[in-house]
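Trainee: Sending over a structure as structure tokens; questions will come in a sec.
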Protein chains: 2
Amino acid sequence: MLNAINREIPEGFGVPYSGDMIEPGGRAVGHLVKSVRPHEDKVLKSLKDAIIASGLKDGMTISFHHHFREGDYILNMVLEAIDELGIKNLKLAPSSLNSCHEPVVDYIKKGVITSIETSGLRGRLAVEISKGILGKPVIIRSHGGRPRAIESDELHIDVAFIGAPCADKYGNLNGVYGSSACGALGYAMVDARYADCVIAITDNLMDYPIEPISIPSTLIDYVVCVDSIGNPEGIMSGATRFTRSPKELLIAEYASKVIINSGLFKDGFSLQMGSGGASLAVARYLSKVMREKNIKASYGLGGITGPFVDMLEEGLVEKLLDVQCFDLKAVESIRDDKRHMEIDASYYANPFNKGCAVNNLDVVILSALEVDTDFNVNVMTGSDGIIMGASGGHSDAAYGAKLTIITTPLIRGRLPIVVDKVQTVITPGSSIDVVVTERGIAVNPKNKELMDRLKEARLPLYSIEELKHMAEKMTGRPDEVMFGDKVVGVVQYRDGSIIDVIRNVVD
Amino acid sequence: MLNAINREIPEGFGVPYSGDMIEPGGRAVGHLVKSVRPHEDKVLKSLKDAIIASGLKDGMTISFHHHFREGDYILNMVLEAIDELGIKNLKLAPSSLNSCHEPVVDYIKKGVITSIETSGLRGRLAVEISKGILGKPVIIRSHGGRPRAIESDELHIDVAFIGAPCADKYGNLNGVYGSSACGALGYAMVDARYADCVIAITDNLMDYPIEPISIPSTLIDYVVCVDSIGNPEGIMSGATRFTRSPKELLIAEYASKVIINSGLFKDGFSLQMGSGGASLAVARYLSKVMREKNIKASYGLGGITGPFVDMLEEGLVEKLLDVQCFDLKAVESIRDDKRHMEIDASYYANPFNKGCAVNNLDVVILSALEVDTDFNVNVMTGSDGIIMGASGGHSDAAYGAKLTIITTPLIRGRLPIVVDKVQTVITPGSSIDVVVTERGIAVNPKNKELMDRLKEARLPLYSIEELKHMAEKMTGRPDEVMFGDKVVGVVQYRDGSIIDVIRNVVD
């Protein structure tokens, strides 16, 4: 069966993507009502004690957040304890998975983990999943789709494990103090609200009450203190440096000119940028023009980086709405500057609430692993068909923003990036306004006004097909990837409909 | 039928109070799932437009918050619009009602309002209710009981009206900026999370996004801008002044000595104080001794006043957890000092979550209209049986704190305050440790340790019966109030069980 963007969706994986957002209805699931007597203690001696107290059993679902990125110790530590307790057949439902979670491969082999729902997968785990190691397909959700699924009980979390850089003895949590500081805890906030049991794991246990309170004690069942919950070097990418790649700088310059000439570049405009080299270079170009023309942005959104903080501190951006901090500068800023506000994933991007922040975006700059001639974007699988990325907030921000810009090199290694048909669609072409490469810019024909404006600005415009030909001229047409028949991944669109599936790669 | 504290509870009003807290079970109700498309506008032209858009119909329930106290314009304004639209038979469920809500009497007469659930009632409305004007009894809940009832759907809010001193066009709200600034919006936060439709009414409409965000846009359906939502003179009591009444100063001195000698007065202790003269005088006495002994409190809780802010600023209290600001100094502090944190009513006092803030209290100082020889406390009805107060956080804090102190003059006017049997029980005697009057102190015999400690400190101790006799000696035994047979009020304990009923007074 083909969905609205002509992707083959086998029966049994859910409602195929319709081409627009499903309308929601009904009520969210309610949290389990519990009580705690005055002066009761929530601190347990060990992770195992907490897992036992939680009532975790075979067949249940456990969740984690990915704010520690490649520095996360929590997920592996918890799976080790669960394995030692002999609990099996669990669904692993973190907000995302990274290369550091390679040990999950072994827990899959042992039957501890038998299904996975996540935004992304990287490293050896992703390779093994791509080859078909897991019995059931991984469910891929966007950062906005995950809170939607949790609130509707489509994803029911039995026990949430929340790594907390700072926690008090009663379970108030924040991410801004301690040696594992990660800044915003935007993804974990949703888990805390809906999971049947919530275990906070910290290496920085304080007296009640801490400040700020990002996740309140009213949502936390147990608190466990361990030696270390994360490796700061993996949590933080360190000071974000601007790219010196001439290719990335050229892409950034073009993207900036697209914004400046889009008709949206005026006082009070809003902006989301990624954390890649080109995005950060856009920040620098844009800042210069904003200074010259005395234009201030009303807010910056998303995962926040140092360059965005610089713009806040210079007064070029009035507020930052931050679901995830990418570097130390962002952590310090969200801790110290009240204009830099922590938001949860539902506030950020959930399509099924009364107005998430992506809905007010003027401009978003997003990356791509591949773009096709229908402007569909893949940020999930490599050209070789192997999973290597994450859905993230890509489709969410693309849907919300008035101007969605994809910045990407035209070729990567020896492979074309603009192609006939992407391996995996994460964001449908209907959400994309323009693709910016170092060789030229392709405007989605649906946005006639933008095309006219960029023509007038004498930017190097091409059709998306022309970009594709340009790329293929340099690389040749790559060999077709050999896929098997097994569905190893189901990609949900943000509303829960199925926008694509990922099939196993054959060696 | 008698409940556990021997109050006569007629059949049909609910489960009688058991003497301890009911254990909760099951799930909370989920919110209605809605969505808003990108760049849609939430601002409607008039209150009537918003009421129409909300789908409000005969028989539904509407809610309000009472952070504007005697300065509230919202409730009367909304009822006027509802009346003009011809909607009738509504349940009025504000967090509390004040004297300024006298017009509700007329809406009851007109059939617009046919039932009421609130924490308190004052002024002419309270008098009329006491006489039996309303067909059904008013349900009285504590500040912790209300979020419990909302979360369990016992109190289902169809449309919540939230007066917002500062709102942006997408419905982010805070209470700290604007001419009607009231500080914390702790009560309204719960309504916003659970009501089927939420209308924000502001006189200070800003661009998206405001800072801070106390109530997020994701919960707000419509925003309406009006000329004025409140009278600052009624919202704020102005700078809180210390009492000069020798009687209140003596009560405060005794209460301070009770705390200092309780065994709880040590570094890191926690404290809730009221906003009355004696409570504020306690703050001053206590501060002096804290300075001398170098003792710091970990947190102050509750409705926050200027004197508590002084303690924060001096470093005598490390944090403030604030559900409601009582004066301008508290508003400025919650706006500017991050150690002064806004909390919602569920976080403050809901017995049915995983740990509300009253649970960690060491000491609370509470007032009383009457106390009886079982230590039961009335803060609801006067000695004449007429409703004149509010349940507030009285029973919540009393249950949570290790040391619950009632401060009250022994007689008021010509009436004894310590009596055989209070007109209405709000807080059961089992939660009260000590009653402090200007003539002496009575310790609840259940707290033997406290009695020993206070004896050793040579404080003027009496039995509660002795205090009662002392009072009656001065006033004589007052005439019995004549009550009718009609139940005009049902007092819920914080867990929802029925601790008392209020009968109509007969002229």
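The values are calculated or read from the model by the stated rules, or taken from the named source; none is laboratory data. It should be emphasised that the depicted structure is a prediction, and the values quoted were computed from it without experimental measurement. Glycine gets a Cβ as well: all are built from the backbone with ideal geometry, and neighbour counts include every protein chain shown. Each accessible area value is taken on the protein alone, full model and side chains, heavy atoms only, with ligands, DNA and RNA left out. Shrake-Rupley method; radii C 1.70, N 1.55, O 1.52, S 1.80 Å.
Trainee: Name the residues whose placed amide hydrogens come within less than 5 Å of the amide hydrogen of A:Met206, ignoring near sequence neighbours (fewer than 5 apart) on the same chain.
Mentor: A:Ala167, A:Asp168, A:Lys169
Trainee: Ranked highest first by average number of other Cβ atoms within 10 Å, how do A:332-342, B:139-149, B:399-409 line up?
Mentor: B:139-149, B:399-409, A:332-342
Trainee: Another question about this same structure. Going by Cα centres, the range A:134-195 and the range B:61-112 are how many Å apart?
Mentor: 40 Å
Trainee: Which loop-located GluC sites (Glu not before Pro) does the range A:1-80 contain, where loop means any DSSP state but H, G, I, E or B and the Cβ has at most 12 other Cβ atoms within 10 Å?
Mentor: Sites meeting the loop and neighbour criteria: A:Glu11, A:Glu40.
Trainee: How much of the accessible area of the range A:1-145, probe 1.4 Å, is carbon plus sulfur, in whole percent?
Mentor: 52 percent
Trainee: In the range A:319-351, what residues drop by 40 Å² or more of accessible area when the other protein chains are put back, versus the chain on its own? Use 1.4 Å, and skip ligands and nucleic acids.
Mentor: So the qualifying set is A:Lys319, A:Lys338, A:Met341, A:Tyr347.
Trainee: Taking a probe of 1.4 Å, how large is the accessible area per residue of the range A:246-486, in Å²?
Mentor: Averaged over the residues of the range A:246-486, the accessible area is 36 Å².
Trainee: Evaluate the distance, in nm, between pseudo-label points positioned 7 Å from the Cα of A:Ser245 and of B:Ala457 along their respective Cα→Cβ axes.
Mentor: Simple spin-label model gives 7.0 nm for this pair.
Trainee: A follow-up question, please. Which residue in chain A puts its Cβ closest to the axis that rotates chain A onto chain B, and at what distance in whole Å?
Mentor: A:Gly30, 2
Trainee: Would you check the accessible area of B:Glu370, probe 1.4 Å, heavy atoms only, in square angstrom rounded to 10?
Mentor: Accessible area, nearest 10 Å²: 10 Å².
Trainee: Residues with amide H under 5 Å of A:Ala297's amide H, sequence separation 5 or more or different chain, H placed in the peptide plane at 1.01 Å from N; which?
Mentor: Amide H to amide H, under 5 Å and 5 or more residues apart or across chains, A:Ala297 pairs with A:Gly268, A:Val317, A:Glu318.
Trainee: For A:Arg37 and A:Asp20 in the same chain, what is the full-extension length gain: residue separation times 0.36 nm, less their Cα-Cα distance, in nm?
Mentor: 1.3 nm
Trainee: Same structure, new question: Decide, for the range B:21-108, between rounded, prolate and oblate: order the square roots of the alpha carbon gyration tensor eigenvalues as a ≥ b ≥ c, take rounded if a/c falls under 1.5, and otherwise choose prolate if a/b is larger than b/c, else oblate.
Mentor: Here the range B:21-108 falls in the oblate category.
Trainee: To the nearest 0.05, how large is the calculated FRET efficiency for A:Lys446 and B:Arg412 if R₀ is 56 Å and r is the Cβ-Cβ distance?
Mentor: 0.15
Trainee: Next question, about the same structure. With a 1.4 Å probe and every protein chain kept in, tell me what percent of the accessible surface of the range A:246-486 is carbon plus sulfur.
Mentor: Of the solvent-accessible surface of the range A:246-486, carbon and sulfur hold 48 percent.
Trainee: Next question, about the same structure. Compare the Cα positions of B:Ser46, A:Leu2, A:Pro428 along the charge dipole of the protein assembly as shown (+1 at Cβ of Lys, Arg; -1 at Cβ of Asp, Glu; about the Cα centre) and return the one farthest towards the positive end.
Mentor: Going by the charge dipole, the pick is B:Ser46.
Trainee: Between B:Lys136 and B:Asp507, how high is the FRET efficiency from 1/(1 + (r/R0)^6) when r is the Cβ-Cβ distance and R₀ = 25 Å? Nearest 0.05.
Mentor: With R0 = 25 Å, the Cβ-Cβ based efficiency is 0.70.
Trainee: Cα gyration tensor of the range A:71-204, axes a ≥ b ≥ c as square roots of the eigenvalues: rounded (a/c below 1.5), prolate (a/b > b/c) or oblate?
Mentor: prolate
Trainee: Under a 5 Å amide H to amide H cut-off, with H placed in plane at 1.01 Å, what residues pair with B:Arg27 once short-range neighbours are removed?
Mentor: A:Val33
Trainee: Also, quick follow-up: Along Cα→Cβ, 7 Å out, is where each label goes; now give me the distance between the ones at A:Leu85 and A:Glu480 in nm to one decimal.
Mentor: 4.9 nm
Trainee: Could I ask something else about it? What number, rounded to the nearest 500 deg cm²/dmol, is the helix-based mean residue ellipticity at 222 nm of chain B, given -39500 (n - 2.57) per DSSP H run of at least four residues and division by all its residues?
Mentor: So the calculated ellipticity at 222 nm is -7500 deg cm²/dmol.
Trainee: What FRET efficiency, computed as 1/(1 + (r/R0)^6) with R0 = 60 Å and r the Cβ-Cβ distance, is obtained for B:Asn6 and B:Asp49, rounded to the nearest 0.05?
Mentor: So the FRET efficiency works out to roughly 0.70.
Trainee: Given the convex hull of the Cα atoms of the protein assembly as shown, what is a quarter of its surface area in nm²?
Mentor: 40.5 nm²
Trainee: Okay, moving on. Considering only the label points, 7 Å along Cα→Cβ from Cα, what distances in nm to one decimal separate A:Asp479 from the same position in each other copy, shortest first?
Mentor: Nearest to farthest, the other copies are at 10.5 nm.
Trainee: Would you list the P(r) distribution for the range B:278-392, with all Cα-Cα distances sorted into 5 Å bins from 0 and each bin expressed as a whole %?
Mentor: Calculated over all Cα pairs of the range B:278-392, the distribution is 2, 10, 17, 20, 19, 15, 10, 4, 1, 0 percent.
Trainee: Now for a separate question. For the range B:246-486, what is the convex hull volume of the alpha-carbon atoms per residue, in Å³?
Mentor: In the range B:246-486, the Cα convex hull volume per residue is 130 Å³.
Trainee: Buried accessible area between B and A (1.4 Å probe, both chains summed, ligands and nucleic acids excluded), in Å² to the nearest 100?
Mentor: 5400 Å²
Trainee: Still on this structure, please answer the following. Within chain A, which whole H helices from DSSP have a Cα span along their axis of at least 18 Å and a mean Kyte-Doolittle hydropathy of -0.5 or more, if any?
Mentor: A:246-260, A:277-293
Trainee: In nm, one decimal, shortest first: how far is the label point of B:Ser245 (7 Å from Cα along Cα to beta carbon) from the matching points in the other copies?
Mentor: 7.4
Trainee: I'd like the Karplus ³J(HN,Hα) series for the range B:137-151: coefficients 6.51, -1.76, 1.60, θ = phi - 60°, whole numbers in Hz, and an x wherever there's a Gly or Pro.
Mentor: Listing the rounded values in order: x, 5, 8, 9, 10, 7, 5, x, x, 5, x, 4, 5, 5, 5 Hz.
Trainee: If I model a spin label as a point 7 Å beyond the Cα along the Cα-Cβ vector, how far apart are those points for B:His469 and A:Asp337 in nm?
Mentor: 7.0 nm
Trainee: May I pose another question? Let me make sure I get this right: for chain B, a, b and c are the square roots of the gyration tensor eigenvalues over alpha carbons, sorted descending. Under 1.5 in a/c it's rounded, otherwise prolate if a/b > b/c, else oblate. Which is it?
Mentor: Oblate shape, in that a/c is at least 1.5 and b/c is the bigger or equal ratio.
Trainee: Counting DSSP beta bridges in the range B:246-486, what percent are antiparallel, to the nearest 5?
Mentor: Bridges in the range B:246-486 that DSSP calls antiparallel: roughly 30 percent.
Trainee: Based on DSSP, what percent of beta bridges with both residues in chain B are antiparallel, to the nearest 5?
Mentor: 30 percent
Trainee: To continue, here is another question. Where the label is 7 Å out from Cα toward Cβ, how close does B:Asp106 come to the same position in every other copy, in nm, shortest first?
Mentor: 7.7
Trainee: Here is a follow-up. Ordered by residue, what ³J(HN,Hα) values in Hz, to whole numbers, does the range B:353-361 give under the Karplus form 6.51 cos²θ - 1.76 cosθ + 1.60, where θ = phi - 60° and Gly and Pro are x?
Mentor: 9, 7, x, 7, 5, 4, 4, 9, 6
Trainee: How high is the relative contact order of the range B:68-120, in percent, with contacts defined as C-alpha pairs under 8 Å that are six or more residues apart?
Mentor: It rounds to 45 percent for the range B:68-120.
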